[in-house]
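Throughout, read-outs are computed from the coordinates displayed, never taken from laboratory work. Just so it is clear, the structure is predicted and the values come from calculations on it, not from any experiment. Cβ placement follows ideal geometry from the backbone for every residue including glycine, while neighbour counts extend to all protein chains displayed.
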Amino acid sequence: MPNLYFLFGNDEYAISRKIKEFEADFPDPTSAAMNTASLDARSMNENDLNTAVNAMPFLAKRRLVILANPSSKYNHASSRKKFLEFIQKAPETTRLVLYESVEPRDADKHWIVKWAEKNGNLIQTKAFMLPRLKDMTGWILNETKGQGGQIEPRAAEMLKDMVGVDTRQAGMEIAKLLAYVNWTRTITATDVEAVCIVTSQQSVFDFVDALSNGNGNSAQRLLHRLLETEDPFSVWGMVVRQFRLLIQAREILDGRGNKDDVARALGVHPFVADKTTGQASHYSMEVLENIYRDLLRIDEGVKTGKVTLDLALDTLVMELTQ
């Protein structure tokens, strides 16, 4: 059975939990601490890796070496070839686990995945991709059960609306909810309202933040992550709605209002009002109105078939972050 593993995907929460499973494979915490090495390819040198992989286990059957972000260091054909040759020679007493964040659209092209397809007897690969939004309610139901509790479907749907596809946040909120009910009863919608923070549309907030900061690369990355998990027209609707809220919030701020006034006037949750007020403060009304006109122009172009929505969104990012 191979002692090489590659964990990849955009569900970093799921990857981290799989790594914890490897760490829990030792008979006791002391053995684990003495025989586990965690490295990040972004900061290690070759000697660090060589020492970690080739060291003998101490009072255990094998060592565990965890290497994050291999592509950051091995980014040329020659260095990748050398690295793959090295890991093939890892001793049987070392379990080497590689992992990194990979978007779904890039998974099949990843150099380690392609190598594994030809060398399946040497390495095991496993993809961990974020669920689609429509599947998130089911994910929450299963996760709650996995954490030893139960949640009403309506409560799970409400939590989904708060966290989107952020599995790490969802897992944390579920843990808080179970502690709140002390694992003695089923989580209800009332519990969710009482305990959970609202993180609905967090990715859209982050996307707008990147736009306002002129960070085109970050905005593009966030946009494409949204498009991987959501229908493009759903993403479009959320972006348009957010800029519409920003215009309304900017008008309230210009009238010497604050985030509480925004929450009342717009009828949004305090969390949404706080984020929207902060974002609106980075724009003038003139800039927001110009952006909104661009959004209307894009909307017309998409509806008349002059441009695809994906291309239009990419173009918008480039225009707003130049």
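Only Lys, Arg, Asp and Glu carry charge here, each on its Cβ (+1 for the first two, -1 for the last two); on that basis the chain has a dipole of about 900 debye about its Cα centre. Just checking the listed ones, Leu122, Leu222, Leu64: in the Gaussian network model of the chain with Cα springs under 10 Å, the one fluctuating most is Leu122.
GNM on the chain, alpha-carbon springs under 10 angstrom: the most fluctuating residue among Leu245, Leu67, Leu296 is Leu296. Each residue, Asn182 and Ala33, gets one label point 7 Å from its Cα in the Cβ direction; the gap between the two is 3.4 nm.
Helix 309-320 axis versus longest C-alpha principal axis of the chain: approximately 80°, rounded to the nearest ten.
In the distance distribution for the stretch 4-130, Cα-Cα pairs more than 25 Å apart total 21 percent. If you take Cα extents along the principal axes in Å from the coordinates, which of (i) 69, 54, 35; (ii) 68, 51, 30; (iii) 70, 55, 39 do you get? Derived directly from the coordinates: (i). Computed about the Cα centre, the dipole magnitude for the stretch 1-82 is approximately 340 debye when only Lys and Arg (+1) and Asp and Glu (-1) carry charge, each at its Cβ. Full extension of the chain between Asn54 and Glu319 yields a length gain of 90.3 nm, computed as 0.36 nm times the residue separation minus the alpha carbon distance. With a Förster radius of 51 Å, plug the Cβ-Cβ distance of Asn258 and Lys89 into 1/(1 + (r/R0)^6) and report the FRET value to the nearest 0.05. Step by step, r from the Cβ atoms, then E = 0.20.
Shape of the stretch 157-293 from the C-alpha gyration tensor: oblate (a/c of 1.5 or more and a/b not above b/c, with a ≥ b ≥ c the square roots of its eigenvalues). Measure nothing fancy, just the Cα-based angle from helix 232-254's long axis to the longest principal axis of the chain, in degrees from 0 to 90, nearest 10. The helix 232-254 is inclined about 50 degrees to the chain.
Ranking Leu309, Leu246, Ala265 by how far each Cα lies toward the positive end of the dipole of the stretch 244-322 (charges on Cβ) leaves Ala265 at the top. Taking 0.36 nm per residue of sequence separation and removing the Cα-Cα distance, the Phe271/Arg244 pair yields an extension gain of 8.0 nm. Using the Cβ-Cβ distance between Val287 and His76 with R0 set to 41 Å, the FRET efficiency from 1/(1 + (r/R0)^6) comes to roughly 0.45. Between Asp254, Asp310, Asp274, the Gaussian network model of the chain with springs among Cα atoms under 10 angstrom shows the greatest mean-square fluctuation at Asp254. To the nearest ten degrees, helix 153-163 and the longest principal axis of the Cα atoms of the chain are 90 degrees apart.
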